[in-house]
Amino acid sequence: MPEGFRVAVRGGQTLLGVFIKTASHQTVEVIARTGLDFAIIDSEHAPFDPLTLDRMALAGRAAGLPLLARAPDHGAAFIGQALDMGLAGIVAPHVDSPQAAERLLAAAKFDRGQRGFSPSTRAGDYGVPDARAYRETADRESTLWCQIEDAAALAHLDAIAAVEDIDCLFLGRADLALSLGVDSQGDPKVVEAVRATAQAGARHGRAVGIYIGSPAEIADLAALGITVFVCGSDQSWLIAEGRRIRREAGAAVVR
């Protein structure tokens with residue numbers, strides 16, 4: 001994995017990324033040429049089989065783009081396999097307690113004694129001679145982000161943020177709105193949840209990230225202490241650019 005990415009996350013550097021929802025390693029190669037800091041493969045909401053995920057992991061490593069996978073659930077098998085492929089980290093959905101965070105760490109980190117170990121993977125350099133050094137490096141460099149997107153999580157923000165090896169509390173405002181029973185991400189209940197999560201992250205030295213629809217949101221969110229921003233997805237970019245071209249072409253024809 002690209003060295004230093006976890007350090008950058010934990011160090012509070014401002015990082016900008018995107019979700020990838022198209023099952024294609026070429027998409028990874030293209031995004032690597034944008035100058036973004038990272039990308040997240042959305043295995044929760046898009047169809048990624050293991051072979052496609054493996055090719056995308058290879059493309060990310062070849063291009064030097066830190067690539068994470070948003071897991072479909074908290075299953076240890078997916079988490080271990082994704083990290084074995086050489087992905088830089090895991091974004092775990094619906095983390096609503098410190099116990100859930102600890103279980104995720106047990107699935108992701110070798111030092112917990114529960115993650116299955118094989119040095120014959122891409123991450124292990126297909127048979128690295130010093131197995132202990134590999135395990136230590138993997139644990140040190142792999143990053144784990146917990147999504148805060150449930151009303152239940154809001155009662156445990158400090159306890160979740162206090163889990164030492166969690167690197168980022170990643171806000172999902174759409175699911176938060178649904179869980180809180182409101183219709184808009186701009187509802188005061190969601191706004192307060194974002195503020196409370198940012199404050200919990202600051203108290204415990206955890207980075208806080210968020211999905212945004214536009215870079216115009218960054219200034220206000222950064223003022224809260226949020227440092228990790230995922231701006232749209234490859235699909236939303238295609239739609240927006242296609243619509244822009246359609247508008248401009250239509251205007252040219254009218255003239």
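Below, the figures for the structure above:
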quantity: Within the stretch 176-194, considering residues that are over 14 Å from HIS94 (Cα atoms) and of a type in the set (A, V, I, L, M, F, W, C), the one nearest to the chain's Cα centre (by Cα); calculated: VAL194
quantity: Residue in the stretch 80-92 that is under 20 Å from GLY172 (Cα atoms), part of a loop (DSSP other than H, G, I, E, B) and either open to solvent by 10 Å² or more (accessible area, probe 1.4 Å) or not charged (D, E, K, R) (or both) present; calculated: no
quantity: From GLY232, GLY225, GLY242, residue being assigned to a loop (DSSP other than H, G, I, E, B), over 21 Å from ALA100 (Cα atoms) and not hydrophobic (A, V, I, L, M, F, W, C); calculated: GLY225
quantity: Criterion violated by SER233 - all others in (1) touching an Asp or Glu at 6+ places or on another chain (Cβ under 8 Å); (2) more than 21 Å from ILE20 (Cα to Cα) satisfied; calculated: (2)
quantity: Of the criteria (1) of a type in the set (Asp, Glu); (2) surrounded by 15 or more Cβ atoms within 10 Å (Cβ to Cβ); (3) in contact with a His (Cβ under 8 Å, 6 or more places away or on another chain); (4) in a helix (DSSP H, G or I), which one ASP139 fails; calculated: (3)
quantity: Search result, residues across the stretch 36-47 that are without any contact (Cβ under 8 Å) to a residue 40 or more places away in the chain, open to solvent by less than 40 Å² (accessible area, probe 1.4 Å) and either of a type in the set (A, V, I, L, M) or farther than 14 Å from ILE79 by Cα (or both); calculated: LEU36, ALA39, ALA46
quantity: Residue, modelled with the lowest pLDDT, within the stretch 1-15, restricted to residues that are open to solvent by 40 Å² or more (accessible area, probe 1.4 Å) and under 22 Å from ALA71 (Cβ atoms); calculated: MET1
quantity: Residue list for the stretch 99-118, restricted to those being outside any helix (DSSP H, G or I) and either open to solvent by 40 Å² or more (accessible area, probe 1.4 Å) or closer than 21 Å to ASP49 by Cβ (or both); calculated: GLY113, GLN114, GLY116, PHE117, SER118
quantity: Among (1) surrounded by 18 or more Cβ atoms within 10 Å (Cβ to Cβ); (2) closer than 30 Å to SER179 by Cβ, the one test that ALA151 misses; calculated: (1)
quantity: For ASP183: the one exception among (1) over 22 Å from LEU16 (Cα atoms); (2) assigned to a helix (DSSP H, G or I); (3) without any contact (Cβ under 8 Å) to a residue 24 or more places away in the chain; calculated: (2)
quantity: From the options ASP96, ASP125, residue that is out of contact with any Asp or Glu (no Cβ under 7 Å at 6 or more places or on another chain), of a type in the set (D, E, K, R) and assigned to a loop (DSSP other than H, G, I, E, B); calculated: ASP125
quantity: Members of the stretch 230-255 found to be touching a strand residue (DSSP E or B) at 6+ places or on another chain (Cβ under 9 Å) and open to solvent by 50 Å² or more (accessible area, probe 1.4 Å), listed by number; calculated: GLN235, TRP237, ALA240
quantity: Residue check for ARG173: open to solvent by 20 Å² or more (accessible area, probe 1.4 Å) and within 17 Å of VAL95 (Cβ to Cβ); calculated: yes
quantity: Qualifying residues in the stretch 31-61 (those that are out of contact with any helix residue (DSSP H, G or I) (no Cβ under 8 Å at 6 or more places or on another chain) and hydrophobic (A, V, I, L, M, F, W, C)) - the one farthest from ASP125 (Cα to Cα); calculated: ALA46
quantity: The stretch 191-229, subset in contact with a helix residue (DSSP H, G or I) (Cβ under 9 Å, 6 or more places away or on another chain), open to solvent by less than 50 Å² (accessible area, probe 1.4 Å) and hydroxyl-bearing (Ser, Thr, Tyr), residue nearest to GLY11 (Cα to Cα); calculated: THR227
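The values are calculated or read from the model by the stated rules, or taken from the named source; none is laboratory data. Since this is a predicted model, take the numbers as computed values, not measurements. Glycine gets a Cβ as well: all are built from the backbone with ideal geometry, and neighbour counts include every protein chain shown. We work out accessible area using only protein heavy atoms, side chains counted, and drop any ligands, DNA or RNA first. Shrake-Rupley method; radii C 1.70, N 1.55, O 1.52, S 1.80 Å.
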